[in-house]
Amino acid sequence: MDQKQIQGFYVLKGGAGCGKSTLMRQVARQMETEGYSVEYIRCSGDPDSLDGIFIPQKGVALADGTSPHVLDPAYTGATGHYIDLGAGYDRKTLFLMREEIIAAVQAYQACYPQAYRCIRGAEESWRRGRRPLHTEETMAKVQKRAAGILARELKGREEGIGRRTRRFLSGVTCQGRILLEDTISALCQRGYEIRDECGLSGPLLSRLEQGFLERGYDVIACPSPERPSRLEHLLIPALSLAFVTGSAGREGFRTIRTESLVEKAAWQEGRSFLRLSNRVARELLEEAVSHLAQAKARHDELEALYHPYVDFSLSEELARQTAEEILSLPDTLS
């Protein structure tokens, strides 16, 4: 997010259990009560927690600025502001517990490198298995399929060039690999479900994205969490149209099977290795989820240490003040 384009960027500081996620939810509820839409940015390690919120009509964002996603406002005091929730700690008591807290923090943090290694390994296994299938003939078929879909879906033309918004719609979490189905159903009632064992949804969606943008439609481009340079989903809210990689059997959605786009000789030669590499990738991803679940359990233990020694009334008061300040800003649709 470009901080030059927003009116307010609030960075929350404070350790485990001090109420950062709760404060953001309280601000979000107040904004929704006042009629504003709110985008929720979920924590990839624990999707029940928040890493941030964004209020588009106000051009305002709140974000957790603590490790492992350290953030600071670029224009402090002008559009950027700190919210210090660490002030609510009973520091004298927590100092006496320092050895226990240090051990808990180290146990929690140790889980993440193992999870990330597994995720990188899964992505590499997927890439190696799919690469031999991506011949020139296969990619030509992908382009042809995209052209056919665009011809079917684009009956009119909007003015100008469409705007691209980039948002993650899926993630690898302690609960497994999740997809935010509620976001899809809220914005789109129909679409295409791409069943993609062959790694072709990325190039297919890139071509579709280009086509919709050129015809003036705004799109929400959703990258793969394992490889953010590759598109995994595409939403066109103005057409109530979604392209979703997965196999949930969504009602009202057409199905695209990417194996049908693979050049025949390449498929016959490479399908055994593809299935092996996909199986290895799935096993690595399961192991990553196990490490993330361990991290969540360790983090819960850490929060349990802190909770008795946190003044949560501070979080509530800061949430109220922040919401009032945001509401005082002029509306903007930029």
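Starting from residues that are of a type in the set (D, E, K, R) and open to solvent by less than 60 Å² (accessible area, probe 1.4 Å), keep the ones in the range 94-149 and report whichever is farthest from the chain's Cα centre (by Cα). Can you show your working first?
Quick first cut of the range 94-149, residues of a type in the set (D, E, K, R) only: 98-100, 117, 120, 123-124, 127-128, 130-131, 136-137, 141, 144-145.
After this cut, where a residue has to be open to solvent by less than 60 Å² (accessible area, probe 1.4 Å) as well, the list is 123, 130.
On the way: GLU123: 17, ARG130: 24 Å.
Applying the filter and picking the extreme gives ARG130.
Keeping to the range 299-316, report how many residues are charged (D, E, K, R) and open to solvent by less than 70 Å² (accessible area, probe 1.4 Å).
Let us first name the residues in the range 299-316 that are charged (D, E, K, R), namely 300-301, 303, 311, 316.
Then keep just the ones that are open to solvent by less than 70 Å² (accessible area, probe 1.4 Å); that gives 300, 303.
Total meeting the criteria: 2.
Please determine, by comparing only the residues of the range 21-36 that are open to solvent by 20 Å² or more (accessible area, probe 1.4 Å) and either in contact with a Ser or Thr (Cβ under 7 Å, 6 or more places away or on another chain) or at pLDDT below 95 (or both), which one is nearest to HIS69 (Cα to Cα).
First pass over the range 21-36, keeping only residues open to solvent by 20 Å² or more (accessible area, probe 1.4 Å): 21-22, 25-26, 29-30, 32-36.
If we keep only those that are either in contact with a Ser or Thr (Cβ under 7 Å, 6 or more places away or on another chain) or at pLDDT below 95 (or both) too, we end up with 21-22.
Working: SER21: 14, THR22: 18 Å.
Here the residue is SER21.
Look at the range 37-59 and say how many of its residues are modelled with pLDDT of 95 or more and basic (Lys, Arg).
Residues flagged as modelled with pLDDT of 95 or more and basic (Lys, Arg) within the range 37-59 amount to 1.
Anything in the range 177-196 that is in contact with a Gly (Cβ under 9 Å, 6 or more places away or on another chain) and either open to solvent by 50 Å² or more (accessible area, probe 1.4 Å) or of a type in the set (D, E, K, R) (or both)? List them, or say none.
If we filter the range 177-196 for residues that are in contact with a Gly (Cβ under 9 Å, 6 or more places away or on another chain), which is where we start, we get 177-180, 184, 189-191, 193-196.
Listed by number, the residues that qualify are ARG177, GLN189, ARG190, GLU193, ARG195, ASP196.
Is one or more of the residues making up the range 200-222 closer than 23 Å to THR165 by Cα, touching a Ser or Thr at 6+ places or on another chain (Cβ under 6 Å) and open to solvent by less than 30 Å² (accessible area, probe 1.4 Å)? Walk me through it before giving the result.
Residues of the range 200-222 that are closer than 23 Å to THR165 by Cα, as a first pass: 200-222.
Remaining after also requiring touching a Ser or Thr at 6+ places or on another chain (Cβ under 6 Å): 200-201, 220.
Pick out the ones that are also open to solvent by less than 30 Å² (accessible area, probe 1.4 Å) and you get 200-201.
Scanning the range 200-222 turns up at least one residue that is closer than 23 Å to THR165 by Cα, touching a Ser or Thr at 6+ places or on another chain (Cβ under 6 Å) and open to solvent by less than 30 Å² (accessible area, probe 1.4 Å).
Would you please name the residue that is modelled with the lowest pLDDT, looking only at residues in the range 141-167 that are of a type outside the set (Lys, Arg) and in contact with an Asp or Glu (Cβ under 9 Å, 6 or more places away or on another chain)? Before the answer, list the steps.
Start the filter on the range 141-167 by keeping residues that are of a type outside the set (Lys, Arg), which leaves 142-143, 146-151, 153-154, 156, 158-162, 165.
Those left that are additionally in contact with an Asp or Glu (Cβ under 9 Å, 6 or more places away or on another chain): 158, 161-162, 165.
Working: GLU158: 70, ILE161: 91, GLY162: 93, THR165: 95.
Among those that are of a type outside the set (Lys, Arg) and in contact with an Asp or Glu (Cβ under 9 Å, 6 or more places away or on another chain), it is GLU158.
Of the residues that make up the range 229-242, is at least one out of contact with any Pro (no Cβ under 8 Å at 6 or more places or on another chain), in a helix (DSSP H, G or I) and either closer than 27 Å to ARG127 by Cβ or of a type in the set (A, V, I, L, M, F, W, C) (or both)? First the steps, then the outcome.
Quick first cut of the range 229-242, residues out of contact with any Pro (no Cβ under 8 Å at 6 or more places or on another chain) only: 233-242.
This time we only want the ones that are in a helix (DSSP H, G or I), so: 237-239.
Okay, now just the ones that are also either closer than 27 Å to ARG127 by Cβ or of a type in the set (A, V, I, L, M, F, W, C) (or both), so 238-239.
Yes: one or more hits.
Going through LEU71, LEU62 one at a time, which residue ends up being at pLDDT 95 or above and under 18 Å from the mean Cα position of the chain (by Cα)? Quick ask: steps written out before the conclusion?
Working: LEU71 fails: at pLDDT 95 or above.
Result of the check over LEU71, LEU62: LEU62.
Can you pull out every residue in the range 227-286 that is under 24 Å from the mean Cα position of the chain (by Cα), over 19 Å from ALA146 (Cβ atoms), open to solvent by less than 10 Å² (accessible area, probe 1.4 Å) and small (Gly, Ala, Ser)?
Within the range 227-286, ALA281 is the sole residue that qualifies.
Give the residues of the range 176-213 that are outside any helix (DSSP H, G or I) and of a type in the set (Ser, Thr, Tyr), sorted by residue number.
Kept after step one, since they are outside any helix (DSSP H, G or I), are these residues of the range 176-213: 176-180, 188-200.
Scanning the range 176-213 gives a single hit, TYR192.
For the range 39-87, name all the residues that are of a type outside the set (Ser, Thr, Tyr), exposed (fewer than 13 other Cβ atoms within 10 Å of the Cβ) and more than 21 Å from THR173 (Cβ to Cβ). Spell out the reasoning first.
Initially, the range 39-87 is screened for residues of a type outside the set (Ser, Thr, Tyr), giving 39, 41-43, 45-48, 50-65, 68-74, 77-78, 80-81, 83-87.
Within this subset, residues satisfying the condition of being exposed (fewer than 13 other Cβ atoms within 10 Å of the Cβ) are 48, 68-70, 72, 74, 77-78.
Within the range 39-87, ASP72, ALA74, GLY77, ALA78 meet the criteria.
Yes or no, residue by residue, for (1) in contact with a strand residue (DSSP E or B) (Cβ under 6 Å, 6 or more places away or on another chain); (2) closer than 28 Å to THR183 by Cα:
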position	(1), (2)
CYS198	no, yes
PHE212	yes, yes
GLU226	no, yes
PHE243	yes, yes
PHE253	yes, yes
ARG257	yes, yes
GLU303	no, no
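Could you grab me the full set of residues in the range 150-173 that are buried (at least 18 other Cβ atoms within 10 Å of the Cβ) and either farther than 18 Å from SER206 by Cα or among the aliphatic types (A, V, I, L, M) (or both)?
LEU169, GLY171, VAL172, THR173
The values are calculated or read from the model by the stated rules, or taken from the named source; none is laboratory data. Keep in mind it's a predicted model, so treat the numbers as computed, not measured. Every residue, glycine as well, gets a Cβ built from its backbone with ideal geometry; the counts of neighbours run over all protein chains shown. Just so you know, the surface numbers come from the protein's heavy atoms only, side chains and all, with ligands and any DNA or RNA stripped out. Shrake-Rupley method; radii C 1.70, N 1.55, O 1.52, S 1.80 Å.
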